[in-house]
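To start, the structure under review is shown below, and the notes come after it.
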Amino acid sequence: MQQANTNLIIRNPFGTMDVPTPDDRDVMDYAETATLAGDAADVNAATWASIPAVSDPLEGVWASRWNGGADPTIAGDTPETWKEGRADVRVIGKRIYLRFDWDDGRRHGLIDAAREGARLVGKYINLTNPAIMRPWVGRVVDAARIDGCFPNGRLDFRR
């Protein structure tokens with residue numbers, strides 16, 4: 001009988017599976033070309049969330065939304081449709097972890113990103129279907145707005 005590995009170390013503060021290699025070559029290649037201006041013309045500039053900001057500049061409860069892919073578990077979903085949900089943001093050192101959901105909390109994702117000033121560079125994993133992973137780049141615009149993109153679309157946060 002083989003003993004299970006009980007010495008697993010989880011990096012993220014949520015106790016879920018970690019995003020594998022959040023700083024790999026795909027992430028760095030995408031980060032070289034991804035741009036987020038953080039200006040008033042950005043699709044995430046308009047207020048669309050009703051979660052109050054807390055005193056900490058990033059940690060806490062946020063609203064999330066993403067587009068750029070159709071979730072086959074949601075009837076009639078299209079890549080253009082925004083999938084909205086709730087997010088929990090935690091900061092540990094120079095890393096930021098954004099755990100979020102959509103489809104009324106039935107689907108979950110996790111972003112593990114390095115902080116480079118206002119820029120966030122990392123990777124997303126779909127915790128409901130871990131085969132889905134994408135590079136992700138974000139920009140902290142202010143304490144109520146994080147603009148984000150991945151190769152297929154947007155993954156933004158507001159409060």
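The values are calculated or read from the model by the stated rules, or taken from the named source; none is laboratory data. Remember, predicted model here, so these are calculated numbers, not experimental data. A quick note on method: Cβ atoms are made from the backbone with ideal geometry, for glycine too, and the neighbour counts reach across all protein chains shown. To get the accessible areas, we keep the full protein, side chains included, count just its heavy atoms, and leave off ligands, DNA and RNA. Shrake-Rupley method; radii C 1.70, N 1.55, O 1.52, S 1.80 Å.
Per the listing ARG90, ARG65, the residue uniquely basic (Lys, Arg), touching a strand residue (DSSP E or B) at 6+ places or on another chain (Cβ under 8 Å), under 29 Å from GLY117 (Cα atoms) and at pLDDT 95 or above is ARG65. Does ASP112 meet the test of being open to solvent by less than 20 Å² (accessible area, probe 1.4 Å) and modelled with pLDDT under 95? The answer is no for ASP112.
Taking the criterion of being open to solvent by 30 Å² or more (accessible area, probe 1.4 Å) and more than 27 Å from ALA75 (Cα to Cα), the residues of region 115-131 that qualify are ARG115, GLU116, GLY117, ALA118, ARG119. Looking across GLY109, GLY69, one residue alone is small (Gly, Ala, Ser) and without any contact (Cβ under 8 Å) to a residue 60 or more places away in the chain. It is GLY109.
Which one is farthest from ALA143 (Cα to Cα) among residues in region 72-131 that are among the acidic types (Asp, Glu) and not in a strand (DSSP E or B)? Step by step, filter region 72-131, then rank; the result is ASP77.
For region 132-155, a tally of residues being open to solvent by less than 60 Å² (accessible area, probe 1.4 Å), out of contact with any helix residue (DSSP H, G or I) (no Cβ under 7 Å at 6 or more places or on another chain) and part of a strand (DSSP E or B) returns 13. If you check GLY85, GLY93 for being free of Cβ contacts under 8 Å to residues at least 24 places away in the same chain and surrounded by fewer than 16 Cβ atoms within 10 Å (Cβ to Cβ), only one passes: GLY93.
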